[in-house]
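The values are calculated or read from the model by the stated rules, or taken from the named source; none is laboratory data. Since the structure is predicted, the reported quantities are computational estimates derived from the model, not experimental observations. Please note: Cβ atoms are built from the backbone with ideal geometry, for glycine as well, and neighbour counts cover all protein chains shown. Areas reflect the complete protein model, heavy atoms only, side chains present, ligands, DNA and RNA absent. Shrake-Rupley method; radii C 1.70, N 1.55, O 1.52, S 1.80 Å.
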Amino acid sequence: MAGFASRLNNGLTTLRQWVVNLFTLGFLIYLIVIAVIVSRQVPPTVDPEGRVLIIAPEGVIVDQEVIATRLSFPPDLSAQTQINYRDLVRVIRAAAKDERLQAVSIDFSQAGVSGVSTLLGLAEELSALRDADIPLIAFGDVVGTGAYLLAAQANEVYMHSAGALNLAGLGGKRPFVSELAGNLKVTFHDYSFGEYKSAQEGFTRTDMSEADRRQTRALLDPIWAGIKESVATARDIAPEQIQRYVDEHASVLGGGGAYKGLNAAQELGLVDGFKTFPEYRRFMRERFGTDPEAERETYPHITAGAYLAQLDAETSEASDAVSVVFLQGLITRGEIAPGSAGADATAALIRKAYEDEDTRALVLRVNSPGGTVLASEMIREEMIAARERGLPVIVSMGDVAASGGMLASAPASRIFAQPTTITGSIGVALAIPTLEDAMEYIGVNYDGVVTSRFAGWSTAQGIDANLDADLRAQTELSYRSFVQAVADGRERSYDEIEAIAQGIVWLGDAALEVGLVDELGDLEAAVEAAAAQAELATYRVAYVVPELSPGARFLRDLMQQVPIRVGDDLLQIGSRLAEISTLFTSEAPRITLMCSDCELELSSRTSASSLALAQ
């Protein structure tokens, strides 16, 4: 018997060693494959002399690329390749001064941006490039509102003859699941504080409130007018021509529409002509010559990636630094991930920046619609700590810096916003679902022994009058603390801030008038102001970002090889259902600072609406 046990043990040990070795071998082989793929993606060295620079980003353009450090469940179905905005701007500005280039060709139909301010900033950069002494040519197939705004900045705009111009304007509709919740016997209790705080309306109403409708209209109208004005100026047409196309000829069905209105687009001056892919290549060869070094017949060109790789690195000998930290995405506890501004990690980055002896000023770039109270407060505390060290602390608001993003920004000595930045939304959102009706329907009863009033309570048991009063008081206290924190940071009275709070959302120029921000300007302007406040004659800009570990690189390369796309409507409904499920995961409801009207998603890949309001 002992011999059999010994042989069995030896056999299991050998099997375990084989399994481990095979797993290790497979993992190494996969790493080698990833390394080969990545190496092939490294842009080759190409001489720009006499070539056409091709700017055709594929992915979402963000302030700062964020790499997930671990796999999540449920997975992020909307994950895309990320492109740093400042890298794209470097390419555009360098091209405007590069006499070696023959022309620049742009196509943003496969790119998305994080919001309107980013989009309009790119449009300004391309407009400056158009004004330089170099031809700027745009070509696309299925082009949405955001992509067209950028294409319109070119000297010449061409589209595929079988394509579509989805110039669908702004706006959108979100799902309201109150009736669905009722059918599932789920009761939602709304404790949101602030007349205009609409983050939870999707759970508690069947339609949009009038207050939310008013503030959304106040956001959309000036932004849409600005977009039309930018296109009209670039194309030398009247804004009414753009509105006419949108109302009468836009294709909302993408490339599958029976009538795409392309002839109307040319008649109204939105495009200059139509070409198939072979015709466009032939057009470019006839105009700029044939590349003798290419293996196929094509015009001489260089990609934006290859061009960027050859630009001189932005270095400085200065020891003094203006440190820039990014607060990008939903503010939650934990690590930074795509779409999530993990407060623990972001707070650590702010602390790392102000503890660095070379840091003479700190800039926080905020692009966030808000988050939970505690997570937002963690960022605010570190901003206060930075100011207590005597550092100039500046905030640069990007596309959106609202609710929790506003709370985190409040301690700054100076706040910059862009004209179309969405900010404010000083209010508290809390909706709690309970299942007492569902439990009664399926025959589940609760009973037991407790030593205090709320011991053993869960959302399956409903909310009595005492708990209801406590939750309302808790929400009101959070709201008043929020208002006071902004008042302290802005050096205003409580009453002054409360008058512009109530969850109201403000555009950047309006926020300047009411005193929520100090100046209009982009990230560069904020950095320059920080340097001036620190009295720095020379300085370097230090971007304080999470260090990319080998594991993070591996996950990035893995996810880039397995792109997943689903329909926007399915994503919205799935998001609502996911939010409902997360509300049941904790017996302690979490108050959130969220702006439901903050994100204007400009995606050229959206067929039904290329520029939709994400509620």
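Using the per-residue mean of other Cβ atoms lying within 10 Å as a proxy for protection, in what order, highest first, do the peptides 317-330, 86-99 fall?
317-330, 86-99
Where in segment 415-448 does the amide nitrogen come within less than 20 Å of the point 7 Å from the Cα of residue 195, taken along Cα to Cβ?
What the label zone holds, given the 20 Å backbone N cut-off, is 423-430.
For an R0 of 22 angstrom, estimate the FRET efficiency from the Cβ-Cβ distance between residue 131 and residue 311 and round to the nearest 0.05.
0.55
Using only alpha carbon pairs under 8 Å that are at least six residues apart, calculate the relative contact order of segment 336-385 and give it in whole percent. Can you show the working numbers first?
Working: 24 pairs, mean separation 23.2, N = 50.
Relative contact order, segment 336-385: 46 percent.
Show which aspartates and glutamates lie in cross-link reach of residue 197 when reach means a straight Cα distance below 16 angstrom and same-chain residues fewer than eight apart are skipped.
Straight-line reach from residue 197, under 16 Å: 207, 210, 212, 476, 498, 597, 599.
Please list 267-278, 371-382, 417-428, 300-311 highest first by mean number of surrounding beta-carbon atoms within 10 Å per residue.
Answer by packing, highest mean first, reads 417-428, 371-382, 300-311, 267-278.
Between residue 374 and residue 49, how many nm apart are label points set 7 Å from Cα along the C-beta direction?
Placing both labels 7 Å along Cα→Cβ, they lie 6.3 nm apart.
If ligands, DNA and RNA are left out, what is the accessible area of residue 189 with a 1.4 Å probe, given in Å² to the nearest 10?
40
Can you tell me how much longer the chain between residue 248 and residue 185 gets when fully stretched, taken as 0.36 nm per residue apart minus their C-alpha distance, in nm with one decimal?
That pair, residue 248 and residue 185, stretches by 18.3 nm at full extension.
Arranged from highest to lowest average of other beta-carbon atoms within 10 Å per residue, in what order do the peptides 446-452, 477-483 appear?
477-483, 446-452
Roughly speaking, what is the stretch gain from residue 460 to residue 344, that is 0.36 nm per residue apart minus the C-alpha to C-alpha distance, in nm to one decimal?
So the chain would gain 38.6 nm between residue 460 and residue 344.
Quick one: length gained pulling residue 494 to residue 514 fully straight, 0.36 nm per residue minus the C-alpha distance?
Answer, rounded to one decimal: 5.8 nm.
Report the accessible area of residue 286, computed with a 1.4 Å probe over the heavy atoms of all protein chains in place, in Å² rounded to the nearest 10.
Estimated to the nearest 10 Å², residue 286 gives 140 Å².
Quick one: if the Förster radius is 45 Å, what FRET efficiency do residue 294 and residue 229 give, using the C-beta to C-beta distance and rounding to 0.05?
Step by step, r from the Cβ atoms, then E = 0.65.
Set the Förster distance to 56 Å, then compute FRET efficiency between residue 318 and residue 442 from the Cβ-Cβ distance, nearest 0.05.
Result of the calculation: an efficiency of 0.25.
Give the aspartates and glutamates whose C-alpha is closer than 13 Å to that of residue 352, dropping any in the same chain fewer than 8 places away, or say none.
Within the straight-line cut-off, residue 352 pairs with 344, 382, 547.
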